[in-house]
Structures are given as C-alpha cells and as structure tokens.
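The values are calculated or read from the model by the stated rules, or taken from the named source; none is laboratory data. Keep in mind that what you see is a predicted model, and the values were worked out from it rather than measured. Please note: Cβ atoms are built from the backbone with ideal geometry, for glycine as well, and neighbour counts cover all protein chains shown. These accessible areas exclude ligands, DNA and RNA; they are computed on the full protein's heavy atoms, side chains included. Shrake-Rupley method; radii C 1.70, N 1.55, O 1.52, S 1.80 Å.
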Amino acid sequence: MDSEHWRAVITAAQAGDRRALDELVAGWLPLVYNIVGRALNGHADVDDVVQETMLRAVGNLGSLRDPDSFRSWLVAIAMRQIRDRARRKTPDRLEEAPASDFADLTVLRLQLEGQRREVAEAVRWLDDEDRQLLSLWWLEVAGELTRRELAAAVGITRQHAAVRVQRMKERLETSRGIVRALDGACPGLRELTGRWDGRPDSVWRKRLARHIRGCGYCGGTRETVVPAERLLVGIALVPLPVGFTLSLAFGGKTAVAATSAGWSAKLLGALTKPAVAVTAGATIVAGGAYVVTQPPDAPPPRAAIAPTATATSEPPRTSAPPAPTPRSSPSATKKTDPYGTVVDAVDRAPDADTPPAALPRRPESGITSTGGPKAVMQHRGDRVTLTGRGYVLVRWQISPGSRPGALVMPSWTGLKGRLFHVASGGSRRMDDPLPGAPNGYATGMGGPGIGYAVLPPGTQQMWQNEYFYLDGTVTLTQNERGCDYGLIVFPTDRDAVVEDIGQGPPQGAIRYGLVRDTGTDSAPVPQYVTRETPADPATVPQRSRV
C-alpha cells in the first residue's frame, strides 16, 4: 500500500475513525510480530511484548506529528519494548525455553528450503543483541524497512549501524556453518557434541566454530554459499499464528486514567464501543480485543460447480466463436459466449509510445485478502484467498540470478464468481531490456550471464504489474519449482490501475501499459484458472474453461 494511503489512514485514526484504526493495526501488526518474534526467538514473552508495543502505539498515536514517520516510530517503540523486557528478565527466567521456536516457525510458515532454511535456523545461535539487530536487518533486506529506520530504531547513526550489521552478519555466517555441519556426519563433531545439551548458546557457538575451522570434513563446502542478504530479498513476513489475539483493552485503567495517560477521547471511545469491524482478516471486537482470523493452511473449500478443465492448445469453443470486441447487447453475449470462452493468449509487445485504451469501469466494493494489504508469496505453495468485488494487483519478481530455468506459473483455483485480466502495467514487460544492461541482453527474464527464466509454451508474457478484476472469491497459489520468482498481491482500485498504465516514456518508463478489459464477459481470463480445487494447484491446465 502506498504512502499516501497510509498517511490518510493514520490521520483518520488520529481523529478517532474506528475503521481506520482497525486497518492501521491489521496492516502493521505482522511487522511488529516479526520484529519481536525474531528478536526473542519465539520466547513466551513475544505475545506480551507485541501487545505492549501496539498498546503504546495506539495510545500515543495522537502525539505523532508526521504520519510519514509512522513506520520508523512504530519500530522504535517495538525495540524499546524488547530492550525493556531484557532489563526486566530475572535469573529464574533466563533459562526459559522458547514457547514456540521462531526459527522453526519461519521455516514452516514460509516453507523455506536449502540455504534459506539454513539462515533461519542459524538465528538460534546469535546472542540477544545480535538477534535484535537481525530482526531489523532481515526486514531491511526483505524490503520492509530502510537503513535509516533500522539505525533510528537501534538509536545509533547510520555509519555505526553499518559496522554493527557487518559484525552481526559475520556471526550469522559462522552460525550458518554450524547448522550446515550439524546436518553432516562428521565423527569428530559427533564426539564433541556428546556433552552438548542441544541448546544453542555463545559458548558452544565458539567451540563448534573452532572445530569447523580445523576440520577438513566440516569446513569443506559442498555447494556455493549464497550471501544471506541475497537469500532474504523479498522474503515474506512470517504470518501471524491462527487465532493470535491482541487485546487493546485497558486492563485496570479507568476511562479518566486512560485519558490522562495520553489516550484521546475519540480514540478511547473507538476502542471501548461494542462493535465488530472486519478488515484484512482481523477483527476488533467489543472491549477492544483484536483477534486475527487468518485461516489455516488447508485448501479453500471446493466450489459448488466444478466443470472439467480442458488443456487444449486453443481456447475452448462453443457453437459461436468468442468476439474480440465488446458486443452491443449483454444478453446476446450471455447466449452465444458463455463466460470464460475468451482466454489470454501469446501477444506481441505494444509500441512503447502508444498510450493504453480507456479502462472500462466495473463496480467496486473492495477486495479482502487473507494475506492482508500486501501478501508476499516467495515459495512454492504460498497462497492467498481473495474475496469481494474490485481490482487486484499481482506484481512479478523473477530471479533467474538465484536459479534460472522453466517457470511453473501461478494458478487461480476454487473460483466462485468471475475473474478477468483487465490490464498490464509497471512500465515494462518481463522481456523488455532492463535500463543499464550491457548490450540490452539482460531483461526481467534473465540474460546470458545469469541464465533465463523460461515460460511454458503458449504462455502470455507477463508484465511487472498485472491487474485483475474479481467478483466473487478465488485462491492464487505460487507454484515455483524451476526458476525463482515471487508474487506480491495488493488489493487495489481502478484509479491506481489507470495511474500505473498511464506512466509512459515521458516519465522515464520503458513503455505505457496495456488495457485488456473489454468491459463485458468477453474480457480475457487468466490462463491458469479453474473452479476446481486440485490437491496440487500446479496441475491446473493452461487453458481452463470457467
């Protein structure tokens, strides 16, 4: 979501708008949860620290002068609460084990494999101070924080932050080596760890590191070690646990005491009024309890109507062929061209200087997403369910430099209602030369020096930003199995679509966008879409009849 949107939401929440406050908490709670969870590695105090952070943020929202600084302000509050918790630790609590190891949670929820899993598990071996810094640096390389915000949250200069981060990264790489070695079969390491109780700490980190440095078996790397920052770029936030409850009630505070402590009267009223307001998969209920209602990882319910999908090289046809242009009579369209007979096909790139056609208007009531306002799907099996009537942006990030090869395209399953492909934008197609690439060889699909991302035969070339219109519900699944790619899914609106596709070459973009929507049911549907809910979404045929 863009900064202008959040500026408006924060301003409205400061004025006592209950829905704006609901959206604000829903949008930023995952960020706080990830910072605290990683800094404390899933300790039993995580929930308390997250709750205290959000309670202080909501309570002091009126004192925030510049809405644009909300993120850095919120992160700084979270870090203060983490440090306060560390100062309050008593000797009898020092030996407490994590209630839910955040490293395991990260691997499980984000389905991390290989060296990405290795980085997540290495976090266990860091000291508290390094883990706190890593909780911010992880989000920095993932694109959720800036270096300026990281430095401000820690309370140091950017130059000092650079030194601190570098030292932390060195210890993280040492810890990665330990994780790698413990997965091996070195007899000397087995003998050394015979006296180890299995709990990572700095003493054993040093002992194991010394062994690895002097051991030909453990020190011999059997694959190229990718730097941690490259592995973490664009990785998703760890989703909140199902049923996670954040209480924004006041405990023993009276209304007078709460108001004198800095709670605005409007905000106090918004939190204490009996109400239920659902936004982005979360609810503020009577008394101020905030309950996340993210569904479990089970596949979406099977659609009531699930016609058999076909996988032919041409779009399925009825007695009348699909029309390339809008028909004058909607009723005629329903008779001769059932919804779904027009499917996207391979196309040629439009001229860079040709502005797009006008985007037809469709009814909008808004889209809710199980992934919140920004769902990042980085690994095979990641999915998001979208519901409502309105527009959705799917932003592509292909990484052939990490792993080139064939792309297994994402798929839309369990469709109830209608889904259209309405526009393509982002100023470029993925096969457009990237600015500054030598001899124009490098594109979003790769280049000779790094390998290529290869589309399945007959698949339409995607653009950086692809826009869809949904009237109903559908689940989008990331099916990565060859070349690395990520999808970022944002509920959006028509105005944002028009603004994106209209950013042409005069503004420095490679090309204008492209409108695909005809305004009728003859508008194209995505190629990999079905009303069924297959056990493996990657098996959805390229040309499904819906």
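Structure data summary
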item	result
Test: residue in the stretch 365-385 that is over 25 Å from PRO534 (Cα atoms), out of contact with any Lys or Arg (no Cβ under 8 Å at 6 or more places or on another chain) and of a type in the set (S, T, N, Q)	no
Residue ranges of strands (runs of 3 or more DSSP E) in the stretch 413-529 with at least 2 members within 29 Å of THR387 (Cα to Cα) and not hydroxyl-bearing (Ser, Thr, Tyr)	463-477, 484-492
Within the stretch 115-162, considering residues that are open to solvent by 10 Å² or more (accessible area, probe 1.4 Å) and among the hydroxyl-bearing types (Ser, Thr, Tyr), the one farthest from ARG176 (Cα to Cα)	THR157
Qualifying position, being outside any helix (DSSP H, G or I), touching a residue at least 60 places away in the same chain (Cβ under 8 Å), under 23 Å from ASN34 (Cβ atoms) and hydrophobic (A, V, I, L, M, F, W, C), among VAL179, VAL226	VAL226
Residue within the stretch 44-66 that is in contact with a Gly (Cβ under 6 Å, 6 or more places away or on another chain) and either modelled with pLDDT under 80 or among the aromatic types (Phe, Trp, Tyr) (or both) present	no
Flag for ALA161 being of a type in the set (Gly, Ala, Ser), within 30 Å of GLY27 (Cα to Cα) and free of Cβ contacts under 8 Å to residues at least 24 places away in the same chain	yes
Filter result (within 15 Å of TYR33 (Cα to Cα), open to solvent by 40 Å² or more (accessible area, probe 1.4 Å) and touching a residue at least 40 places away in the same chain (Cβ under 8 Å)) within the stretch 56-82	ARG71
Selected residue (only one of ARG516, ARG481 is of a type in the set (Lys, Arg), touching a residue at least 60 places away in the same chain (Cβ under 8 Å) and surrounded by fewer than 17 Cβ atoms within 10 Å (Cβ to Cβ))	ARG481
The listed residue being surrounded by fewer than 19 Cβ atoms within 10 Å (Cβ to Cβ) and part of a strand (DSSP E or B), out of THR354, THR368, THR385	THR368
Count - residues of the stretch 434-463 that are open to solvent by 30 Å² or more (accessible area, probe 1.4 Å) and in contact (Cβ under 8 Å) with a residue 60 or more places away in the chain	3
Lone qualifier among VAL179, VAL165 - being of a type outside the set (S, T, N, Q) and over 23 Å from CYS215 (Cα atoms)	VAL165
